[in-house]
């Protein structure tokens, strides 16, 4: 990608809103955010301190929004941002931050550092300073429709397998269905069992659902790389498809950043509220279970724990649903010490896993999750994000651990009480 | 002559700079603007803001262990300073005479001493940590050290002037406090006020998402 420093600085300046101005004004450089970030705790490198990753944006804020900053600029005493700053900070902005927001939870003055990084990436992306892997993923998402290059043909092939294995019909482009389901590429390619589980659960619960041939991909590379234009284009495709099919709900899959993108950022990206609601698959399954439509049978007594995907739990508010669901099927469920909104990140979200350059660092910081698992001593971990799952599996493989990772939806599907066996 | 200047015009000047500067800083944060959030909320933004404003006074478990020193020192300094600033007898009398027109119960002498010791221990620990720890050393700017240094000098001269029997010490304390007032709006000391904005902004977003931040 060509570098355009001036454009990057302009875009970075445009990202500074009242929130960011308040955050920089409040920061007292106490460094507590470092203690919450696995990239610091596992490396002891102070450069990985979350607020330090925002140094370019802080300098721009100071120059543009503070008395001393403006004064120094006028006198020629300030040190303006340079292309070298973008080059120097690119690794900190993209490789060592998953935007998991754990740092935001511990900041004593309440700075949402993950939000700031998300905004800073807009400037870096505009300037052309972003990892090649993420650039390519975003290009594929815009041109092919999926960051992993999954086409409609690939999806149809995956669905054909599911139909053959389950004997169920997978509805495509069903006008007026209640729910339109999205998938992440990772699920289609690596975890098609998620699609099969959904089909079986929806059939058992009598859910009216469909998949759109126009928009089935939930992953939003635009948000990960920091390009609101790309992000808006990708959200817009889903919105157009859902609204033309007239569905009441769009289901976000087991993918954290996809959920954040379509649920929380989407309406702001396209500039209007949706004419449908977005629901995370775990919320829907919890609702179906509580209303009696999803009936579960038996349980596993295998000791297992739950890895909270950051964008679904900490940044998404889906905190209790996975626990309620797990409680129905797993008698051996145990919580990690830092569970729920304070769980440690897998280390590969926010595009880090799409960034080949970051692989070594990502595997190193996996030690945080390894320590959590070692403390508990369980050999089964459930999660609800396809990206977390693949990152965790790679970490487990790299550390030669004996831990199995399974998706929550699949676990539920294994305990499905089929309609013919129900008593209602 | 200098004493009259410190006690009179310079006091009003520094107080003016402080008040106008603080208001201007707060206004300049608000005027940058914030786009409305169009996502359908799951919870209340206002109650989230209110909750975050107060809940962050209680540290989370992780910070309470890994960041124990910063946390303990931070509480010692802020609580001690708050007690000194608002409940030291000379300050209560000063506010009553110069600002409010009324006073309130003040700390006994021993309470003042304990508050001062707590505040000093906290401030010195924070300053040492800032100088010695790789993270805070990397993050710290000249402003952080100037602000800490000024607060330290104001506290030190305040303690020395406690008996108020030596007029030059009282004037020195007041002069340094006035310098601090002038410096305040241009520095990170502004977190005294802006923390409420930061916590509320973040709390509102989390509240809308249904997260108890």
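The values are calculated or read from the model by the stated rules, or taken from the named source; none is laboratory data. All values derive from a computational prediction rather than experimental measurement. Cβ: placed from backbone, ideal geometry, glycine included. Neighbour counts: every protein chain shown.
Residue check: is residue A:192 under 25 Å from residue A:356 (Cα atoms) and surrounded by fewer than 22 Cβ atoms within 10 Å (Cβ to Cβ)? Break it down into steps so the answer makes sense when it comes.
Details: under 25 Å from residue A:356 (Cα atoms): yes; surrounded by fewer than 22 Cβ atoms within 10 Å (Cβ to Cβ): yes.
Spelling it out, residue A:192 is indeed under 25 Å from residue A:356 (Cα atoms) and surrounded by fewer than 22 Cβ atoms within 10 Å (Cβ to Cβ).
Just wondering, is there one or more residues in the stretch A:66-87 that are more than 9 Å from chain B (Cβ to nearest Cβ), surrounded by fewer than 19 Cβ atoms within 10 Å (Cβ to Cβ) and under 23 Å from residue A:353 (Cα atoms)?
Yes, the stretch A:66-87 has at least one match.
Within the group B:122, B:149, B:158, which residue is more than 14 Å from chain A (Cβ to nearest Cβ) and either touching a helix residue (DSSP H, G or I) at 6+ places or on another chain (Cβ under 6 Å) or within 30 Å of residue A:341 (Cα to Cα) (or both)? Write out each step before concluding.
Values: B:122 fails: more than 14 Å from chain A (Cβ to nearest Cβ); B:149 fails: either touching a helix residue (DSSP H, G or I) at 6+ places or on another chain (Cβ under 6 Å) or within 30 Å of residue A:341 (Cα to Cα) (or both).
Only one candidate passes the filter, namely B:158.
Out of all the residues in the stretch A:363-405, which are closer than 18 Å to residue A:137 by Cβ and surrounded by fewer than 24 Cβ atoms within 10 Å (Cβ to Cβ)?
Hits for the stretch A:363-405 are A:390, A:394.
If you take the residues in the stretch B:49-66 that are free of Cβ contacts under 8 Å to residues at least 24 places away in the same chain and within 18 Å of residue A:112 (Cβ to Cβ), which one is farthest from the other protein chains (Cβ to nearest Cβ)?
The initial filter retains those residues of the stretch B:49-66 that are free of Cβ contacts under 8 Å to residues at least 24 places away in the same chain, namely B:54, B:57-66.
Imposing the further condition that a residue be within 18 Å of residue A:112 (Cβ to Cβ) reduces the set to B:54, B:57, B:59-60, B:62-63.
Numbers: B:54: 11, B:57: 9, B:59: 7, B:60: 5, B:62: 6, B:63: 4 Å.
By that ranking, first place goes to B:54.
Identify, from the list A:35, A:11, the residue that is more than 12 Å from chain B (Cβ to nearest Cβ) and touching a helix residue (DSSP H, G or I) at 6+ places or on another chain (Cβ under 9 Å). Please lay out each step first, then the result.
Details: A:35 fails: more than 12 Å from chain B (Cβ to nearest Cβ).
On inspection, the qualifying residue turns out to be A:11.
Answer yes or no as to whether residue B:200 is out of contact with any strand residue (DSSP E or B) (no Cβ under 8 Å at 6 or more places or on another chain), farther than 30 Å from residue B:40 by Cβ, crowded, with 19+ Cβ neighbours inside 10 Å and facing chain A (nearest Cβ under 8 Å).
Details: out of contact with any strand residue (DSSP E or B) (no Cβ under 8 Å at 6 or more places or on another chain): yes; farther than 30 Å from residue B:40 by Cβ: no; crowded, with 19+ Cβ neighbours inside 10 Å: yes; facing chain A (nearest Cβ under 8 Å): yes.
So residue B:200 fails the test.
Which condition number does residue B:25 fail, the rest of (1) at the interface with chain A (Cβ under 8 Å from one of its Cβ atoms); (2) modelled with pLDDT of 95 or more; (3) surrounded by fewer than 18 Cβ atoms within 10 Å (Cβ to Cβ) being met?
(3)
Taking the stretch A:225-238 on its own, how many of its residues are surrounded by 23 or more Cβ atoms within 10 Å (Cβ to Cβ) and either modelled with pLDDT under 95 or within 12 Å of another protein chain (Cβ to nearest Cβ) (or both)? Lay out the reasoning, then the answer.
Pass one, the stretch A:225-238, residues surrounded by 23 or more Cβ atoms within 10 Å (Cβ to Cβ): A:225-227, A:231, A:234-235, A:238.
From the residues that got through so far, the ones that are either modelled with pLDDT under 95 or within 12 Å of another protein chain (Cβ to nearest Cβ) (or both) too are A:235.
Count: 1.
Of all the residues that make up the stretch A:162-178, how many are within 7 Å of residue A:210 (Cβ to Cβ) and part of a loop (DSSP other than H, G, I, E, B)?
Residues of the stretch A:162-178 that are within 7 Å of residue A:210 (Cβ to Cβ), as a first pass: A:171-174, A:177.
Filter once more, so that each one left must be part of a loop (DSSP other than H, G, I, E, B): A:171, A:173-174, A:177.
Within the stretch A:162-178, residues that are within 7 Å of residue A:210 (Cβ to Cβ) and part of a loop (DSSP other than H, G, I, E, B) number 4.
If the requirement is being in contact (Cβ under 8 Å) with a residue 12 or more places away in the chain, more than 9 Å from chain B (Cβ to nearest Cβ), outside any strand (DSSP E or B) and within 18 Å of residue B:210 (Cβ to Cβ), which of these qualifies: A:283, A:265, A:254? Break it down stepwise before answering.
Working: A:265 fails: more than 9 Å from chain B (Cβ to nearest Cβ); A:254 fails: within 18 Å of residue B:210 (Cβ to Cβ).
Going through A:283, A:265, A:254 in turn, the sole match is A:283.
Could you check, for the stretch A:28-41, whether at least one of its residues is modelled with pLDDT of 95 or more and closer than 16 Å to residue A:120 by Cα? Break it down stepwise before answering.
Let us first name the residues in the stretch A:28-41 that are modelled with pLDDT of 95 or more, namely A:28-41.
This time we only want the ones that are closer than 16 Å to residue A:120 by Cα, so: none.
No, the conditions are met nowhere in the stretch A:28-41.
Taking the stretch A:81-102 as the search range and keeping residues that are touching a helix residue (DSSP H, G or I) at 6+ places or on another chain (Cβ under 7 Å) and assigned to a loop (DSSP other than H, G, I, E, B), which one is farthest from residue A:309 (Cα to Cα)?
A:81
Please go through the stretch A:268-280 and pick out each residue that is assigned to a strand (DSSP E or B) and more than 10 Å from chain B (Cβ to nearest Cβ). Let's see the steps before the verdict.
Of the stretch A:268-280, the ones assigned to a strand (DSSP E or B) are A:277-280.
Answer for the stretch A:268-280, where residues must be assigned to a strand (DSSP E or B) and more than 10 Å from chain B (Cβ to nearest Cβ): A:279, A:280.
Given the conditions (1) assigned to a loop (DSSP other than H, G, I, E, B); (2) more than 11 Å from every other protein chain (Cβ to nearest Cβ); (3) surrounded by 21 or more Cβ atoms within 10 Å (Cβ to Cβ), which single one is not true for residue A:298?
Against the list (1) assigned to a loop (DSSP other than H, G, I, E, B); (2) more than 11 Å from every other protein chain (Cβ to nearest Cβ); (3) surrounded by 21 or more Cβ atoms within 10 Å (Cβ to Cβ), residue A:298 comes up short only on (3).
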